[in-house]
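The values are calculated or read from the model by the stated rules, or taken from the named source; none is laboratory data. Treat the numbers as computed from the prediction; the structure is a model and nothing was measured. Please note: Cβ atoms are built from the backbone with ideal geometry, for glycine as well, and neighbour counts cover all protein chains shown. When the accessible area is computed, the model is the full protein with side chains, heavy atoms only, and any ligands, DNA or RNA have been set aside. Shrake-Rupley method; radii C 1.70, N 1.55, O 1.52, S 1.80 Å.
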Amino acid sequence: MTQAAPASAVMEIDLQADDYADFVAYMYKRPEMRGRRMRSHLRFAVLMVVALLAYTAWSAWGPGGPDWGAVLPAYFQGLAVGLGVLVLLALAYEFVLPALVKANTRRMLRRQPDEMFLGRHRLEFGADGIDDATATASGRMDWSNVSRVEETPEHLYVVLGTLQGVIIPKRGQDAGTLEAVRVQFRAHVADAKLAVSAPAQ
């Protein structure tokens, strides 16, 4: 706990499919997710280097073993092509796939909307956690389950896991409400990357 906070702060939000799509794309670009993808690309590159060498040597195997004069030119040519394709795929993962993921998420939620997730929510931020109430259900998320909070120009994200979190759109909120919620986050979440102040959206 980093500072004393008022007893609670209340916010009414209208969660839409675009908000969830933005969250998925945002989390996909997080450094830990990018690092995980890069480690996966590296493992694949190492496997490709070893497998290609074994296959090229086996293809040129003769009575006295592999003909290295034939193996090495073919190996390096295949390696250059393979690594070029891998680089293109890695770039696509970083710059093309996020947009596709966002579009597919938006399309999925519009075709099959999650009535418990989307729509009007009343969020109350208090000493014990975040109370979330809709027209049909309610629940609480304890502060101990929150790993971090991050703010973008359009949203506040309460992050629980790699791809899990509470999405809080800032649109329609006045500056006072947003600042009251930030105060709660600063008081209860150690890793809170928030704006000092922000205009109403």
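Accessible area of the chain with a 1.4 Å probe: how many percent of it is carbon plus sulfur?
62
Please tell me the relative contact order of the stretch 59-135 in percent, rounded to the nearest whole number, where contacts are Cα pairs under 8 Å and at least six residues apart.
Averaging sequence separation for qualifying contacts and normalising by length gives 13 percent for the stretch 59-135.
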Tell me, what is the 1.4 Å probe accessible area of ASP174, in Å² to the nearest 10? 80
Add +1 for every Lys or Arg and -1 for every Asp or Glu among the other residues with Cβ under 15 Å from the Cβ of PRO31, and state the total. +4
Ignoring ligands, DNA and RNA, how do MET38, MET27, MET48 rank by accessible area with a 1.4 Å probe, largest first? MET38, MET48, MET27
Under a straight-distance cross-link criterion of Cα-Cα below 17 Å, which lysines are reachable from LYS170, leaving out those fewer than 8 residues away in the same chain? LYS193
Once the whole set of protein chains is in place, how much accessible area is left on GLU12, using a 1.4 Å probe, in Å² to the nearest 10? 90
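Once the mean 1/r over all distinct Cα pairs of the stretch 1-153 is inverted, what Kirkwood radius in angstroms do you read off?
Details: mean 1/r = 0.0491 Å⁻¹.
Kirkwood hydrodynamic radius for the stretch 1-153: 20.4 Å.
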I'd like the Karplus ³J(HN,Hα) series for the stretch 134-148: coefficients 6.51, -1.76, 1.60, θ = phi - 60°, whole numbers in Hz, and an x wherever there's a Gly or Pro. 10, 5, 10, 7, 8, x, 10, 10, 5, 4, 5, 8, 8, 8, 6
Ranked order, LEU42, LEU52 - accessible area, probe 1.4 Å, largest first: LEU42, LEU52
Cut-off under 5 Å, modelled amide H: who pairs with HIS155 long-range: LYS170
Using θ = phi - 60° and the Karplus relation 6.51 cos²θ - 1.76 cosθ + 1.60, list the HN-Hα couplings for the stretch 20-36 in order, rounded to whole Hz, with x at every Gly or Pro. 5, 4, 4, 5, 4, 5, 5, 5, 4, 8, 4, x, 5, 6, 5, x, 5
Give me, ordered by chain and number, the residues 5 or more places off ALA192 or on other chains with an amide H under 5 Å from its own placed amide H. VAL149
